[in-house]
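Structure, as structure tokens:
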Number of protein chains: 2
Amino acid sequence: MKKRGGQSIQTRSNGDQTREKIISAAEKLFGQHSFDAVSLRDITNAAEVTLALASYHFGTKENLFTEVIARRAHVLNNVRRERLAALVDRGGMTVEALIDTFMRPLFEQMQSDDDGWQAYVMLLAQLASNDRWLGHLRTYYDETANLFIAQLKLLLPNVPEENLVRGFSFVLMLMLQTVSKNRRVDTLSLGKFKGDDLDVSYQLLLRFSLAGLKALETA
Amino acid sequence: MKKRGGQSIQTRSNGDQTREKIISAAEKLFGQHSFDAVSLRDITNAAEVTLALASYHFGTKENLFTEVIARRAHVLNNVRRERLAALVDRGGMTVEALIDTFMRPLFEQMQSDDDGWQAYVMLLAQLASNDRWLGHLRTYYDETANLFIAQLKLLLPNVPEENLVRGFSFVLMLMLQTVSKNRRVDTLSLGKFKGDDLDVSYQLLLRFSLAGLKALETA
DNA sequence: TCGTTATTTATACAGTCAACCAATTAAGGT
DNA sequence: ACCTTAATTGGTTGACTGTATAAATAACGA
């Protein structure tokens, strides 16, 4: 047992630290590869713990995956809801302010020093392209998303509700594609542009999304 | 050996039929699940052939996957290029006509009786959300896509080239999301809308995309 | 100090996996 | 009829999979 400064670092709460280490390693690997392409051994090796600890803390591989999704979903949803409430309170609501309030928290996290978010958004992009984990998106993201849709409905009364929902899911998809390190842009442009300047990308995404949404008016 | 009407049905070219059967089964399964979630046994069982035939015809699982991607990519690219050439010939080029020429062939195939396309587009949507198969998209799709981008550049001279490439990749992503049976819309709208009326979806997609692209003008 | 509990370890198990190979069948060309 | 080649079969192999379990270790409360 390792000691540091004469004080034990093997505390009773070490289990929580181990949990977080495993989740972080899993997040990184699940973001880079698919659920099935990553083995529990890959994860526990990366986390520098033994295999059986994954079973001990999470039971099954699916449970671990779920915890990975949930961890940052709660962070994101809390920020979004707080800012939405603040925006409603101070008045002056516009479509641009609403969409910005929804998307900006994710971009801020992407530019923070916590690089775990980069793996996480790649994981989200995978989830969105496959019905397998649809239930997870529903559980962890739809409630907050629907709050924003309700506001959007007030701002764009001339857009039929169905169009509006569709449009919002368009925006969702574009946001994920933009924020994830998707390298498809590079190849399309013959490598001339890098596609990783998030500030520039964000402005374009916002302009594209707003114009698109407003174009859904009329039946 | 089976006979039918006194004539042998076990011809020398049976190998090609077997190849197609395996590719079609693989396409369906790869579209529904990820590459790693599908085993060669799943595929050969679905195709009603023995396991070893997959190795014989394709060598490796990756090769089979590549052939699945390539088969319909060629079909799609040919239609797109023919129609683009026709559009250029007869003049009257607009952004709407150009984007429609690019997207419509895929929607037509989706509504045809060949239901293999539905699995194929789900596969494409997966490819686009993961860098693992980026090389395949490059090989089979970028050349044609760049033809359309070149035309778009002429039509929108006030949109910086970088914005234009980004915008086109936005459109690509939205097209795939729309055409694949993505059920995310359902849950967002509490199951009120079905999201599988392709004609309606296509009109919305087109409107959203055109407005988005045009909003990318000015530096 | 002793018993309880949480955490960690090493190992085992029952399957599935992709790939490979030798033997067999059938068809085509001559 | 004969030989060559394509196509197909069943079976094996060794690696890897997720999960389970018994034993070891360490911390806490009494």
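Values in this text are rule-based calculations from the coordinates and carry no lab data. The model shown is predicted, which means the values in this text are computed figures rather than measured ones. Glycine gets a Cβ as well: all are built from the backbone with ideal geometry, and neighbour counts include every protein chain shown.
Some observations on this one:
- What separates the Cα centres of region B:195-215 and region B:15-37 is a distance of 31 Å.
- Alpha-carbon Debye profile of region B:20-89, log10 I(q)/I(0) at 0.15, 0.17, 0.22, 0.27 Å⁻¹: -0.52, -0.61, -0.85, -1.18
- Quarter of Cα convex hull surface for chain A, i.e. mean projection, nm²: 16.0 nm²
- Chain B: relative contact order as a whole-number percent, Cα under 8 Å and 6+ apart: 20 percent
- Kyte-Doolittle mean at least -1.0, axial Cα span of 18 Å or more - DSSP H helices of chain B: B:14-32, B:61-90, B:95-111, B:116-128, B:143-155, B:161-179, B:198-214
- Pairs from the list A:Lys61/B:Lys28; B:Lys153/B:Lys214; A:Lys153/B:Lys214; A:Lys28/B:Lys61 with a Cα-Cα gap above 19 Å: A:Lys61/B:Lys28; A:Lys153/B:Lys214; A:Lys28/B:Lys61.
- Other residues lying with their Cβ under 11 Å from the Cβ of A:Ala97 contribute a combined charge of +1, Lys and Arg counting +1, Asp and Glu -1.
- Size descriptors for region B:49-118: radius of gyration and Dmax over Cα atoms are 17.0, 54 Å.
- The helix-only estimate of mean residue ellipticity at 222 nm for chain B, built from DSSP H runs of length n ≥ 4 each weighted as -39500 (n - 2.57), is -22500 deg cm²/dmol after division by the residue total.
- Inter-copy label distances at B:Gly59 (7 Å, Cα→Cβ; nm, one decimal): 4.5
- Separation of the B:Gln203 and A:Glu161 label points, Cα + 7 Å toward Cβ, nm: 1.9 nm
- Kirkwood Rh and Cα Rg combined as Rg over Rh, evaluated for region B:122-184: 1.01
- Separation between Cα centres of region B:136-155 and region B:85-121, rounded to whole Å: 14 Å
- Ranked by how many other beta carbons lie within 10 Å on average, peptides B:75-86, B:122-133, A:101-112 from highest: B:122-133, A:101-112, B:75-86
- The protein assembly as shown: Cα Rg divided by the 2.2 N^0.38 Å rule of thumb: 1.08
- Sorted from shortest to longest, the distances between the A:Glu48 label points of this copy and the other copies are 5.6 nm, with each point 7 Å from Cα along the line through the beta carbon.
- Cβ-vector label at 7 Å, A:Pro160, separations to other copies in nm: 3.8
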